Amino acid sequence: MSQELVLTRIHAGVAEIRLNRPTRHNALVPALLDALLQALDQVRAEEPRAIVLAAQGRSFSSGGDVQGFHGVPRSERRSYARQVVGALNEVILTLLQLPCPTVAAVQGLVTGGSVGLALACDLAIGGPQTSFAPWYTAVGFSPDGGWTTLMPERIGRARALSVQLLNERLEAPEAVRLGLLHQLAPDTGHAHGRRPARQHPPHAGSGPSRPANRGGRPGARVAALPGTN
């Protein structure tokens, strides 16, 4: 595959990681998740002041690539699903354990396990057209990517359950009210995604700094995710 699936850059101490599969709405496949995990490891080694997770195209990410599942022989689909979910959970756990502040700059409709990428960041910035939806009951998959652990922590168990069972779509204003989005911007392009991260002052020492209490130990918050045990 000639196209880079994940783009990275560091400017003024702020690292930016961009999903780069816009023709498929940045849908998650093993190769993209592996590239994202590698990018996170590489960027972390640079000790940035903050990390922005963004994406090319109209949509941040549409979750697992259903077309990818259809391209796998039926006898191998369970193994393929474990591969995708396991890689996604590894990315989420890495995001939760990063020592510096993280910001998700999300646009368009964000569905399925990709919502977990935003939930794992300290802040999420969206635009007027940003929305979130589970889609699990529509496609017959079990929830993954933090929908049964990180989502209830953020919006409450009862609300998280109703969103998933009824396949509710959470539009931008509701997402802000619930705390899924922390701020709305005219769009979530390059400048908007980086602004909140750069508001964090440099650490007094040589390394980056992250809020001490993020709602519990990162490992405990994802211990119930399939594929992490």
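The values are calculated or read from the model by the stated rules, or taken from the named source; none is laboratory data. Since we're looking at a predicted model, the values are computed, not measured. Glycine also receives a Cβ, built like all others from the backbone with ideal geometry; neighbour counts cover every protein chain displayed. The protein model used for the area step is the full one, side chains on, heavy atoms only, and it has no ligands, DNA or RNA in it. Shrake-Rupley method; radii C 1.70, N 1.55, O 1.52, S 1.80 Å.
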Looking at region 129-146, I want the residues that are over 10 Å from residue 110 (Cβ atoms) and have a partner that is among the small types (Gly, Ala, Ser) and open to solvent by 70 Å² or more (accessible area, probe 1.4 Å) with Cβ atoms under 7 Å, at least 6 apart or on another chain. Which pairs are those?
136/142
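Quick grid of which residues meet (1) in a helix (DSSP H, G or I); (2) of a type in the set (Asp, Glu):
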residue	(1), (2)
4	no, yes
9	no, no
31	yes, no
36	yes, no
40	yes, no
44	yes, no
75	yes, no
80	yes, no
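Could you tell me which of the residues 169, 177 is more than 17 Å from residue 111 (Cα to Cα), more than 16 Å from the chain's Cα centre (by Cα) and either open to solvent by 50 Å² or more (accessible area, probe 1.4 Å) or hydroxyl-bearing (Ser, Thr, Tyr) (or both)? First the steps, then the outcome.
Values: 169 fails: more than 17 Å from residue 111 (Cα to Cα).
Testing whether each residue is more than 17 Å from residue 111 (Cα to Cα), more than 16 Å from the chain's Cα centre (by Cα) and either open to solvent by 50 Å² or more (accessible area, probe 1.4 Å) or hydroxyl-bearing (Ser, Thr, Tyr) (or both) leaves just 177.
How many residues are surrounded by fewer than 21 Cβ atoms within 10 Å (Cβ to Cβ) and of a type in the set (Val, Ile, Thr) when one looks only at region 1-16?
At the first step, the residues of region 1-16 found to be surrounded by fewer than 21 Cβ atoms within 10 Å (Cβ to Cβ) are 1-5, 7-13.
Checking which are of a type in the set (Val, Ile, Thr) leaves us with 8, 10.
Adding up the residues that qualify gives 2.
Being of a type in the set (Lys, Arg) and touching a Gly at 6+ places or on another chain (Cβ under 6 Å) is the filter here; which residues of region 153-178 pass it?
Step one: of region 153-178, the residues of a type in the set (Lys, Arg) are 154, 157, 159, 169, 177.
Of everything in region 153-178, just one residue is of a type in the set (Lys, Arg) and touching a Gly at 6+ places or on another chain (Cβ under 6 Å), namely 154.
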Condition first: closer than 29 Å to residue 66 by Cβ and touching a strand residue (DSSP E or B) at 6+ places or on another chain (Cβ under 8 Å). Now tell me which residues in region 1-24 satisfy that.
5, 6, 7, 8, 16, 17, 18, 19, 20, 22
Taking region 136-166 only, how many residues are open to solvent by 30 Å² or more (accessible area, probe 1.4 Å) and of a type in the set (A, V, I, L, M)?
6
May I ask you to list the residues in region 69-118 that are open to solvent by 70 Å² or more (accessible area, probe 1.4 Å), under 23 Å from residue 167 (Cα atoms) and either touching a Leu at 6+ places or on another chain (Cβ under 7 Å) or polar (S, T, N, Q) (or both)?
none
